[in-house]
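Note sheet for the following structure.
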Ligand code: SAH
């Protein structure tokens with residue numbers, strides 16, 4: 001597939017009838033942009049790039065695309081030919097008219113287009129998507145990722161060459177999330193292909209993430225193919241989890257933490273464990289199975305805690321060792337500190353405090369707050385598993401925040417391991433934004 005170099009010098013910029021005046025600068029105006037629902041237009045044919053309306057970049061603004069970063073920001077765009085609809089596949093050309101990529105146009109977004117292919121000879125059609133999906137499935141099979149779990153991320157957006165598309169597998173159910181205009185346009189095609197290639201009993205759509213609004217797309221939540229079983233369940237490293245596909249967070253479960261949960265389980269024996277932001281019990285269940293002395297789990301979602309209790313029962317884990325608290329973690333940590341409670345192992349896996357770098361400062365305060373309190377609640381020699389899934393917080397910044405928290409808590413701590421998302425969430429080298437999840441295992445001095 002798309003193995004050729006990103007530019008094709010053989011593709012001169014189309015000499016338009018009357019030059020640039022002919023082009024209509026497209027207003028990124030929410031009122032004006034076309035309905036995001038798929039239009040049944042024919043896909044562009046290979047080699048048609050020079051004859052098609054496209055996106056022309058400002059002089060010198062092609063650098064990130066030449067490095068194969070798949071996002072084209074609006075600031076780099078000189079003009080857009082014609083009046084394309086959101087989701088249309090357009091050729092992107094540099095200021096001299098050289099072909100750079102085929103990309104999905106997004107009228108409402110700051111990200112004007114997301115790249116499907118760097119190869120001018122590619123045709124963005126059903127066969128293209130079939131190949132991309134087959135490639136993603138094969139990568140996971142080759143890595144043996146289905147050995148440890150019946151739940152897995154099958155398609156991880158940009159990193160699998162399918163910007164804006166997330167597909168998670170929960171046993172024989174697939175959940176698909178369309179985050180931008182490109183996959184939105186190909187929704188039916190993608191569902192058909194997933195049905196054909198994976199044969200699930202149900203494809204459920206959870207296109208209800210915050211990002212959809214920024215993309216000018218409507219929220220969608222419902223069955224796309226088949227029928228949703230009453231109980232959806234995954235078995236992960238031998239632990240069973242019920243998954244609420246329709247109303248749970250994200251697509252129902254935090255698959256990205258699978259291997260980090262397993263690691264916690266191996267270090268929990270005979271320890272008093274505190275699991276903050278426990279959701280449906282992930283880290284808690286591993287800790288219980290790993291022989292923890294006690295596990296206190298905290299989350300502000302009543303629904304998540306109900307499922308967490310059910311999950312503990314499903315696995316026959318000792319309920320006398322567990323305590324579930326439905327409350328705000330920031331308050332709970334202060335209360336535990338005031339009660340002089342101590343733990344040997346603490347997990348802090350908060351929600352995304354900083355979706356983008358613009359939120360980094362406020363998020364940094366929140367991370368520091370919970371980590372400072374976490375350090376204070378640990379016994380000497382205790383372990384802190386601390387995470388950030390914020391795209392707006394880099395690895396370096398996260399480590400600095402944690403260092404500041406340890407300093408203010410007056411503890412010496414060592415990093416004993418750095419953690420990331422499980423390998424079914426790969427990170428494309430040219431798309432470092434894919435590495436959103438970062439974790440540190442810290443040991444405080446004994
Ligand atoms: N560790 C979990 C995933 C955590 S997701 C797992 O392995 O499955 C983050 C969780 O934080 C969600 O369940 C959400 O309900 C909870 N949450 C968000 N803000 C919170 C707050 N202020 N206090 C307590 N819980 C919170």
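The values are calculated or read from the model by the stated rules, or taken from the named source; none is laboratory data. Nothing here was measured: the structure is a model prediction, and the numbers come from that model. Quick reminder, even Gly has a Cβ in these numbers, built from the backbone with ideal geometry, and neighbours come from all protein chains shown.
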- Enumeration of residues in segment 310-338 that are more than 9 Å from the ligand (Cβ to nearest atom), surrounded by 16 or more Cβ atoms within 10 Å (Cβ to Cβ) and under 22 Å from residue 443 (Cα atoms): 333, 336
- Output the number of residues of segment 167-186 satisfying the condition of being touching a helix residue (DSSP H, G or I) at 6+ places or on another chain (Cβ under 8 Å) and either outside the structural domain of residue 200 (by TED's automatic domain parsing) or under 18 Å from residue 234 (Cα atoms) (or both). 5
- Item | Neighbours by Cβ (under 7 Å, 6+ apart or cross-chain): first from segment 247-265, more than 15 Å from residue 150 (Cβ to Cβ); second within 9 Å of the ligand (Cβ to nearest atom) and part of a loop (DSSP other than H, G, I, E, B) | 249/279; 254/279; 257/349
- Item | Scan of segment 363-422 for residues that are out of contact with any strand residue (DSSP E or B) (no Cβ under 6 Å at 6 or more places or on another chain), within 14 Å of the ligand (Cβ to nearest atom) and not in a helix (DSSP H, G or I), ordered by number | 389, 390, 421, 422
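Quick grid of which residues meet (1) within 13 Å of the ligand (Cβ to nearest atom); (2) in contact with a helix residue (DSSP H, G or I) (Cβ under 8 Å, 6 or more places away or on another chain); (3) at pLDDT 95 or above:
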{"residue": "340", "(1), (2), (3)": "no, no, yes"}
{"residue": "343", "(1), (2), (3)": "no, yes, yes"}
{"residue": "349", "(1), (2), (3)": "yes, yes, yes"}
{"residue": "354", "(1), (2), (3)": "no, yes, no"}
{"residue": "359", "(1), (2), (3)": "no, no, no"}
- May I ask you to say which residue of 288, 274 is in contact with a strand residue (DSSP E or B) (Cβ under 6 Å, 6 or more places away or on another chain) and either over 25 Å from residue 146 (Cα atoms) or assigned by TED's automatic domain parsing to the domain that holds residue 222 (or both)? 274
- So which residues in segment 257-272 are in contact with a helix residue (DSSP H, G or I) (Cβ under 9 Å, 6 or more places away or on another chain) and either within 13 Å of the ligand (Cβ to nearest atom) or at pLDDT below 95 (or both)? 257, 258, 260, 261, 262, 263, 264, 265
- Search result, residues across segment 287-304 that are within 9 Å of the ligand (Cβ to nearest atom) and crowded, with 18+ Cβ neighbours inside 10 Å: 298, 299, 304
- Answer yes or no: is there a residue in segment 276-286 that is in a loop (DSSP other than H, G, I, E, B), surrounded by fewer than 23 Cβ atoms within 10 Å (Cβ to Cβ), more than 11 Å from the ligand (Cβ to nearest atom) and touching a residue at least 40 places away in the same chain (Cβ under 8 Å). no
- Return the only residue of 409, 422, 358 being in contact (Cβ under 8 Å) with a residue 12 or more places away in the chain, crowded, with 20+ Cβ neighbours inside 10 Å and in the same structural domain as residue 291 (by TED's automatic domain parsing). 422
